[in-house]
Structures are given as C-alpha cells and as structure tokens.
Amino acid sequence: MHDILSIHWFRQDLRLTDNPSLYHAALRGRVLPVYILDERNAGEYRMGGANRWWLHHSLESLIRSLHGRLALFRGDALEILPALVRSSGAAAVHWNRCYEPWRIKRDTLLKEKLREMGIAAESFNGSLLWEPRQVRKADGTPYRVYTPYFRNGCLAAEPPRIPIPKPEKLDTASPPPESLPLEALGLLPRIRWNRQLEPHWTIGENGAAGRLTTFLLHGLDGYREGRDFPSRPNVSRLSPSLHFGELSPNQVWYGAKAAGSGRDLDHFLGELGWREFSYSLLHDNPGLPKMNLQHSFDRFPWTENPEALRRWQQGMTGYPIVDAGMRELWQTGYMHNRVRMIAGSFLVKNLLLHWREGEAWFSDCLADADLAINSASWQWIAGCGADAAPYFRIFNPVLQGRKFDPDGIYTRRFVPELSGLPDRYLFSPWEAPAGLQRSSGITPGPVYPAPLTGLEASRRRALDAYNSIRKKTES
C-alpha cells in the first residue's frame, strides 16, 4: 500500500493541517505535492496584483513546510496533471474543491479525463463549513436571504466537520525535473509597490495561526460592537488566509467556539456564515460577478466619470473616512469592513458609478480578493444583490466617520495631512475656519482636496435614479 504514489494538487488550501485531500493522499502512501498557476482556464478571472503578491509568499512558506518538495507549474491544469500522472506513475490525484464557476467546469473535465485513464480522482471539501448543496430550503431551492440561510439552513444542518491533524507521516516525493522555481511563476510585480504591503503581514500557515490566536485572545471579546470601529482590535484580519487556505474555516469556527461565548461569539460565527452565503450565491448564480441578481437594476442609470473614479481609487475624494479606507487598501492590501461599506456606498450612490468598477478595483488591490465574497458584497451595497441593503440606505461619510472613528485615530493614520485638525472638523475639513485650515497646514495649496460631490445633492440624485427604475418596474 505504501508504494502507491498519489498527487496532491494544492489550490486554495496552502496548509498542512486540516487539509482533507492531503491527509487522505498521505494515507495511500507517498505524495507528490503540486501547485499549478492556471491562468489559461481562469481567463478574465485571473488573480489581481495583491492576490498574486500574497500567493507568492504563501507558496514560499508552504515550500519551507514541505522542505522544498513542492512541484510548481504554470499552464493548463487539464494538460499538466495528466502528463504528470504518466511521467510519475501516480495512481491517484487528490484535491480540495473550489467553487468559482471556471474552476468547477475545469475540475469536472479533469476528473472525467483522469478516470478515463484509470486514475483515481478524488476531491474533498477543505474550504467551506457546508457545501452549497447541503444548505437548502425545505423545497430544495437555494436561499436568497442571509438570515434564514444561516439560522434555518446552516445551523440546522449537520455541524461542520472537526478539523483533522497534519498527516502523521507525510512521505513526499521529489519534484520532477520540469518543476519551475517559484520566481518563474511571475507573481511579484515588476514595479515593487508590494514592498509597502509586506510590513503589515506574516504570510503562510504559521502567520495565519498566529493571527487567529491573537484575535481569539484580544479581539473576540467585544467583537459585536468593536468590529465597527476601525481603530479597535476587534477584527480578525483572517480573510486573506481563509481565501488562500492557510487555515480552514473549520479551524476558525471551532477555535472561536472554544474561546468565546454569548453575542460576541454568535456575531463572529455569523460573519463566517456570510462567507458561506456568498459561496452559495456564486454556486447557484454563476453570473454573480457580472450580472445584477435583481434584474430591475439592469435599467439603472449608472454614470461614467473617469476622473471621479480615479479620485476614489486614490483616496482623494475630499471625504476623510472614505479616503482613509482607500489609502489603507493601497498601503496594506486590506480595508476594515465598516469602511468598505462606507467607501462602497460613496462610489455607487454618491458618485453613481457602477458597482463593477468597485469590484474590479478591489479585485486588484485586496490581498483577500475573493470572487464570491467580493461580488456578493458589492451587489449587496449597490442594492441589486440577494438580501441587499435597501438602495435608499446611503451612508453619510461625515456622520459615519464621527460615529465610528470618534477620536480620529484611524483617519489620521491614513490621511496624515489632516492630523492637525481638531476632531470637530476632521470629517468635514471644509467647515473649519480659514485661519484654522491655514494653521493646520491644509491651506494654502491643494494639500487636501475639496469634496468631490455634495452629499445632499448626490443623495437626491441617487434616490431619483432608484425611483426611475422602480417606476419602470411597477408600470
């Protein structure tokens, strides 16, 4: 039995602990660990810049954990894996399932191809607490609203599986001669903007475990309220590691249940539930990244304004809490969740720019960029998705800043040119007296921009636009 060679195909499961595919491959005998950068099948959904940067360092960490025994390839997995099976003599190929539509299509074809060759092809759930097909309404149809999905679906289903240990014996085969060096995957940018991201993260399985431990000790208590305040420690910052599978949601779920209780725990588990809901939506609606789930929004009068989009991307809208979030994104590859909602609302409602513009920018700049979560969340904030925020809920960035960053710690960190302003004027610097603006260094000169648009006028414009499609729907 232990002479059998199995290929474990790493994908979004870059860890050794609680890796069902790797664990079962190791039970068969020797394992050839493989990673394939398959941009041919990904097509338009190939990874953005921050994703690629994170992946490079995560693979670097995984290579160390495997003592250098990770075979790296770049190209079409439908061609590479069958060829590798023939050259290595492997009897089986194992992997953990992914749920993006392009991956499902490719993996289905691959499984058929391998089985026609007489090769065992087995896939496992290593990325979700519940498979999308596990959580269904009583009539078998998918949920479209989050709360009943999580409460009546997930929590009534079989509990998530208990995390499994690292393989007790992991006998790995050496990479074949055609394996590439990590640098040959070309994941790092030529212009090294990524260097500003690196101080903010410890990437890899050990780094993810450390962030989870820190959050459970210092962030879970008070999570329900504290998660809305970007300067507080009540966020896990685990989303990039969950996306790349440096730890599993099962490890997070059971770790939190062991460490917390009450409403803080329930609220945190509910956020893991939103992640599951997003994957369920993508599974049942493959057009989620491009198509409005609420088709009435197909008639919405979005505008095109390249200059406004550029200023939003650069964190130069003139609204400090929005700009702080956009600069946090650029400087760290991450943005606090409350600020994501504020910045997203400003783009799609105050500026009337299409939610796909925001989704595309986040896809490129977020280290945790995830097709399911990014698409579902942008549709939610735009009002056109499943269980969407009502369109008339338009975040006021001045009031949101004052409420959730009352001492200005977060905003002053990322918009340092306003650091001299007192709290009273921090989120509306144009209201500060001219003398105070001069003494604070805001003027003279274009140190910090005037507001890109007026809040009240842009709010009325957004509501008029929404009412125009509602009237068409009702008529």
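Values quoted throughout were computed directly from the atomic coordinates according to the rules given, and no laboratory measurement underlies them. Here the structure is a predicted model, which means the values were calculated and not measured. With ideal geometry, Cβ positions are generated from the backbone for all residues, glycine too; neighbour counts draw on all protein chains shown.
Altogether, the Stokes-Einstein calculation at 37 °C and 0.692 mPa s, with the Kirkwood radius of region 317-439 over Cα pairs as Rh, returns a diffusion coefficient of 219 µm²/s. Once the C-beta distance of residue 39 and residue 83 is scaled by a Förster radius of 22 Å, the resulting FRET efficiency is 0.80 to the nearest 0.05. Charging the Cβ of each Asp and Glu at -1 and of each Lys and Arg at +1, and nothing else, the dipole of region 295-474 about its Cα centre rounds to 480 debye. Remind me, relative contact order of the chain in percent, using alpha carbon pairs under 8 angstrom and six or more residues apart? Rounded, it is 17 percent for the chain.
For the chain, the pair-distance distribution built from all alpha carbon pairs, in bins 10 Å wide starting at 0, is 4, 18, 28, 26, 15, 7, 2, 0, 0 percent.
Cut-off is 10 Å between beta-carbons; in what order do 205, 183, 198 appear when sorted fewest neighbours first?
Details: 205 23, 183 10, 198 14.
The fewest-first ordering by Cβ neighbours comes to 183, 198, 205.
Set the bar at 29 Å for Cα to Cα. Now go through 137/257; 257/349; 137/471; 290/471 and name every pair that lies beyond it. Before the final figure, lay out the partial values.
Working: 137/257 26 Å; 257/349 38 Å; 137/471 32 Å; 290/471 24 Å.
Flagged as over cut-off: 257/349; 137/471.
Note on residue 190 and residue 76: with the Förster distance fixed at 22 Å, the Cβ-Cβ geometry gives a FRET efficiency of about 0.35.
Structural descriptor for region 168-235: relative contact order 17 percent, calculated from alpha carbon pairs under 8 angstrom and at least 6 residues apart.
Output the Kirkwood hydrodynamic radius of region 4-124, Cα pairs only, in Å rounded to one decimal. Mind showing how you got there, number by number?
On the way: mean 1/r = 0.0682 Å⁻¹.
Across region 4-124, the inverse of the average 1/r is 14.7 Å.
The calculated pair-distance distribution of region 254-397 uses every alpha carbon pair, bins of 5 angstrom beginning at 0, and gives 2, 10, 18, 21, 19, 15, 9, 4, 2, 1 percent.
Could you put 154, 365 in order, starting from the residue whose Cβ has the fewest other Cβ atoms within 10 Å? Please list the in-between numbers first.
On the way: 154 24, 365 21.
Ordered from fewest to most neighbouring Cβ atoms within 10 Å, 154, 365 come out as 365, 154.
Near residue 93, the amide H atoms lying under 5 Å from its own belong to 7, 120, 121, 122; only residues 5 or more places off or on other chains count, and H is placed 1.01 Å from N.
Taking a ≥ b ≥ c as the square roots of the eigenvalues of the Cα gyration tensor of region 185-296, is the shape rounded (a/c under 1.5), prolate (a/b larger than b/c) or oblate? Each step should come with its number before you reach the end.
Details: a/c = 1.77, a/b = 1.06, b/c = 1.67.
It comes out oblate by the Cα gyration axes.
What number, in percent, do you get for the relative contact order of region 295-474 if the mean sequence gap of Cα pairs under 8 Å and at least 6 apart is divided by its residue count? Don't skip to the end; give the middle numbers.
Working: 224 pairs, mean separation 50.2, N = 180.
The value is 28 percent.
Using only the alpha-carbon atoms, how far is helix 101-116 inclined from the longest principal axis of the chain? Give it as 0 to 90 degrees, nearest 10. Compared with the principal axis, the helix lies near 0 degrees.
Sorting 387, 407 from the fewest to the most surrounding beta carbons within 10 angstrom yields 407, 387. Multiplying the residue separation of residue 263 and residue 155 by 0.36 nm and removing their Cα-Cα distance gives an extension gain of 37.3 nm.
Each label was represented as a point 7 Å from its Cα along the Cα-to-Cβ direction; for residue 331 and residue 307 these points are 2.7 nm apart. Available extension along the chain between residue 3 and residue 111 is 36.6 nm, counting 0.36 nm per residue and deducting the alpha carbon span. Extension gain, residue 120 to residue 134, is 2.6 nm, computed as 0.36 nm per intervening residue step minus the present C-alpha separation.
May I ask what percent, to the nearest 5, of DSSP beta bridges between residues of the chain are antiparallel? Walk me through the numbers on the way to the answer.
Values: 0 of 22 bridges.
Restricted to the chain, the bridges split so that about 0 percent are antiparallel.
Relative to the longest principal axis of the Cα atoms of the chain, helix 49-65 runs at roughly 40 degrees.
Placing +1 at every Lys and Arg Cβ and -1 at every Asp and Glu Cβ, with all other atoms neutral, what dipole size does the chain have around its Cα centre, in debye to the nearest 20?
Details: 59 positive and 51 negative charges, 111 e Å.
Its charge dipole is roughly 540 debye.
If R0 equals 56 Å, the separation of the Cβ atoms of residue 178 and residue 470 corresponds to a calculated FRET efficiency of about 0.45.
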